[in-house]
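K.L.:
Below you will find the structure I want to go over with you.
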Amino acid sequence: MGLARSAGQALYDLAISNVDGFIGSRERFGTLLYDRYIEKGEPTPHFFRVWENLYPHSMVRDAEVSFAASMARVAAVELMADGSLNADQTHQDKG
């Protein structure tokens with residue numbers, strides 16, 4: 001869950017109060033991040049959209065772990081922006 005921790009940093013950077021209360025649990029956060037980019041073992045359209053827009057401009061594109069952390073931060077912001085990160089939306093999470 002190192003990537004979830006890295007993505008969580010984006011929420012701290014955005015000054016979200018009570019991050020743990022906002023996301024519900026770290027396990028849920030990790031699952032939502034993973035599901036954003038991987039479905040049935042394959043990259044999702046979100047993965048390719050972020051990759052294509054971030055990779056060419058990234059200073060860490062050749063450092064796989066650092067680049068993956070950058071993608072995780074983007075996913076965290078997108079999940080927050082579309083409302084699916086909010087713990088009050090748990091009934092809409094995949095089962």
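Each value in this text was obtained by applying a stated rule to the coordinates, not by laboratory testing. This is a predicted model, so every value here is computed, not measured. When we count neighbours, we look across all protein chains shown, and the Cβ atoms used for this are built from the backbone with ideal geometry, even at glycine.
K.L.:
Using a Förster radius of 25 Å, what is the FRET efficiency between GLU42 and VAL77 based on their Cβ-Cβ separation? Nearest 0.05, please.
P.N.:
The formula returns an efficiency of 0.60 here.
K.L.:
Along its principal axes, what span do the Cα atoms of the chain show, with the longest given first and each in whole Å?
P.N.:
Principal axes ranked by extent give 36, 31, 21 Å for the Cα atoms.
K.L.:
Modelled label-to-label distance, ARG5 and SER84, 7 Å Cα→beta-carbon offset: nm?
P.N.:
2.5 nm
K.L.:
If each DSSP helix of 4+ residues adds -39,500 (n - 2.57) and the sum is divided by the residues in the chain, what number results at 222 nm, nearest 500 deg cm²/dmol?
P.N.:
-18500 deg cm²/dmol
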